1. Please give the solvent-accessible surface of M33 in Å², to the nearest 10, using a probe radius of 1.4 Å with every protein chain present.
2. Under the classification rounded if a/c is under 1.5, otherwise prolate if a/b is larger than b/c and oblate if not, where does region 99-191 fall, given a ≥ b ≥ c as square roots of the Cα gyration tensor eigenvalues?
3. Once amide H atoms are placed 1.01 Å from N in the peptide plane, what residues at a sequence separation of 5 or more from E190, or on another chain, have their amide H within under 5 Å of its amide H?
4. For n ≥ 4 DSSP H runs only, could you compute -39500 (n - 2.57) per run for the chain, divide by its residues and tell me the 222 nm figure to the nearest 500?
5. Ignoring ligands, DNA and RNA, how do D147, D152, D14 rank by accessible area with a 1.4 Å probe, largest first?
6. If the viscosity is 0.692 mPa s and the temperature 37 °C, what Stokes-Einstein diffusion coefficient in µm²/s follows for the chain when Rh is the Kirkwood radius over Cα pairs?
7. With a 1.4 Å probe and all protein chains in place, put S15, S123 in order of accessible area, largest first.
8. Using +1 on the beta carbon of Lys and Arg, -1 on that of Asp and Glu, and nothing else charged, what's the dipole of region 13-117 about the Cα centre, debye to 20?
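The values are calculated or read from the model by the stated rules, or taken from the named source; none is laboratory data. What you are looking at is a predicted structure, and each value in this text was computed from that prediction instead of being measured. As a convention, Cβ positions derive from the backbone with ideal geometry for all residues, glycine included, and neighbour counts pool all protein chains shown. What goes into the accessible areas is simple: the full protein's heavy atoms, side chains included, and nothing from ligands, DNA or RNA. Shrake-Rupley method; radii C 1.70, N 1.55, O 1.52, S 1.80 Å.
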Amino acid sequence: MAPARGRPRSTTIDSAVRDAVMAALAHHGYAAMTVDGVARDAGVAKTAIYRRWPSKAEMVFASAIHGSEIAAPADRGDLRGEVTALVERIVELIAAPAVRGCLPALLADLRANPQIAERFRTSVIVPERAVVTTIVTRAARRGELRDGVDPDDVHAHVLGMVFAWVHLIDDRTTEDFTRRTVRSVLAAMEA
C-alpha cells in the first residue's frame, strides 16, 4: 500500500469550521451563510474548506448533521433495543436546533445539483443504510423479522417519520414521539 500523500488532515480546522458553521446557522440561517464567511469566522483559508467539502451544502451537512459518522448500535440481542437506539440517533440528528433551521433548504440544494446529490448519497445515505442492514441482518439471524424485510424500506420508514414529525406536523420531539416511531417501525418488521 502506498503511503498517504500530503499533510495529514487537521482536526483543528475541522473543529473550527464546524463551530463557525453552527454559529452562522444560529445567527444568519442557512440561506445567508457563505463559505467565505465560514472561512473568515473559522480563521482558515477557503481552500481548506473546499479540500474537505466541495460545496456549502456538503460542509453544512457534515458539520451540522453528520459531524460524526453514524454507527450501528451495539448488538443488544433484540430488535427493539437496536431499533430504539437507531431511532434515538436519527431524532437527535434531525431534531437538533441547527438542523431544524437548515435541513429543508439544504435538501433543496441537494436536489438542485445532481453532483452534490450523488456525493450526499454515497457519503451519507449509503453508510446509514449499511447501519440499518446490520440491524436487519442481526434480527433475521435471531428470527425476529417477517419475511422480505428490506433495509432500504426500514431506513426510509425511520427517516420519513422523523422528518415528517419534526418539519411538517409538530416540531416537538418527546420520548412518546420516539416510542411511537419505534412501534411503527417494529410493526413493519417483526415476524
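1. Here the accessible area works out near 10 Å².
2. Since a/c reaches 1.5 but b/c is at least a/b, the shape of region 99-191 is classed as oblate.
3. Under 5 Å from the amide H of E190 lie the amide H atoms of R146, each far enough along the sequence or on another chain.
4. Theoretical 222 nm ellipticity from helices: -19500 deg cm²/dmol.
5. These residues rank, largest area first, as D147, D152, D14.
6. It comes out at roughly 181 µm²/s.
7. S123, S15
8. Charge dipole of region 13-117: 320 debye, to the nearest 20.
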